[in-house]
1. Looking only at region 119-129, which residues are touching a helix residue (DSSP H, G or I) at 6+ places or on another chain (Cβ under 6 Å) and either in a helix (DSSP H, G or I) or among the basic types (Lys, Arg) (or both)?
2. Just for region 149-177: of the residues that are open to solvent by 70 Å² or more (accessible area, probe 1.4 Å) and touching a residue at least 12 places away in the same chain (Cβ under 8 Å), which one is farthest from residue 82 (Cα to Cα)?
3. Say whether the condition of being part of a loop (DSSP other than H, G, I, E, B) and over 23 Å from residue 159 (Cα atoms) is met by at least one residue in region 91-107.
4. So which of 143, 185, 127 is modelled with pLDDT of 95 or more and either touching a Leu at 6+ places or on another chain (Cβ under 6 Å) or surrounded by 20 or more Cβ atoms within 10 Å (Cβ to Cβ) (or both)?
5. Against the definition (open to solvent by 20 Å² or more (accessible area, probe 1.4 Å), at pLDDT below 90 and not in a helix (DSSP H, G or I)), how does residue 52 come out, yes or no?
6. Among the residues of region 64-93, which ones are free of Cβ contacts under 8 Å to residues at least 12 places away in the same chain and open to solvent by less than 40 Å² (accessible area, probe 1.4 Å)?
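The values are calculated or read from the model by the stated rules, or taken from the named source; none is laboratory data. If you're wondering where the values come from, they're calculated on a predicted model, not measured in any experiment. Backbone-built Cβ (ideal geometry, glycine too); neighbour counts: all protein chains shown. SASA here: full protein model, heavy atoms, side chains in, ligands and nucleic acids out. Shrake-Rupley method; radii C 1.70, N 1.55, O 1.52, S 1.80 Å.
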Amino acid sequence: MFISGPLAVTASANPDGSSHQTRCRGKPIPVMNSSNASRRDLATASTGTTSSSSWCGPGHLDLVGGPAANGQPFLDLAARHISSAERLAEVSPDSAFLLPAKAAQLIGSGLLARQGLRPALSAPEQVVGTAVAAQFGHQFSQVELLRQRAGELDMPTSRDSHILPSEAKTYLGTVRTLLAAAREVAGKLALFH
């Protein structure tokens, strides 16, 4: 169920200029740096820091409710992609990479959905990765990096258009870790209002 139109999401410097507060419609959005926070802090913090001055432009996220605010289907599909990729890593590393790259996007979308947020149709491709990295810390920057790397594979004549089996396995491990972290955090997130 669609509740409202595009959200104006901005980030602004704190009075001392040391960090940024991400806001949507004037309300703070919880932003965490998971690398230096305890697991309990991930669920209860209301503010944090981000390394960028703006993680989503105006109109890049829509507010949703009802079944659309359920992140679990995203995380379940991500898990199936990871499982399928594990079987392909040796025989087709390029395909084995694309599945975890998609799984990473699903993980990010699941975390946003759990909060009642989704990318707007007009949002740039990087909005999911940028939003979850800003909100949950550096570990989730892998969502955007994997999306970019998957884009390189779309150009089969490029020098960067190949994945080795060892790379595919490394990326699989990365996405497995992201999924575990997302499952831990997702159950503790509240809907944004």
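1. Keep residues of region 119-129 that are touching a helix residue (DSSP H, G or I) at 6+ places or on another chain (Cβ under 6 Å), which gives 119, 126, 128-129.
If the condition is that a residue be touching a helix residue (DSSP H, G or I) at 6+ places or on another chain (Cβ under 6 Å) and either in a helix (DSSP H, G or I) or among the basic types (Lys, Arg) (or both), then 128, 129 are the ones that fit.
2. Only one residue tops the list, namely 162.
3. Filtering region 91-107 down to residues part of a loop (DSSP other than H, G, I, E, B) leaves 91-92.
Going one step further and asking which of them are over 23 Å from residue 159 (Cα atoms), we end up with none.
No, every residue in region 91-107 fails to be part of a loop (DSSP other than H, G, I, E, B) and over 23 Å from residue 159 (Cα atoms).
4. On the way: 185 fails: modelled with pLDDT of 95 or more; 127 fails: modelled with pLDDT of 95 or more.
Checking each option against the conditions leaves just 143.
5. Numbers: open to solvent by 20 Å² or more (accessible area, probe 1.4 Å): yes; at pLDDT below 90: yes; not in a helix (DSSP H, G or I): yes.
Against the criterion (open to solvent by 20 Å² or more (accessible area, probe 1.4 Å), at pLDDT below 90 and not in a helix (DSSP H, G or I)), residue 52 qualifies.
6. 92
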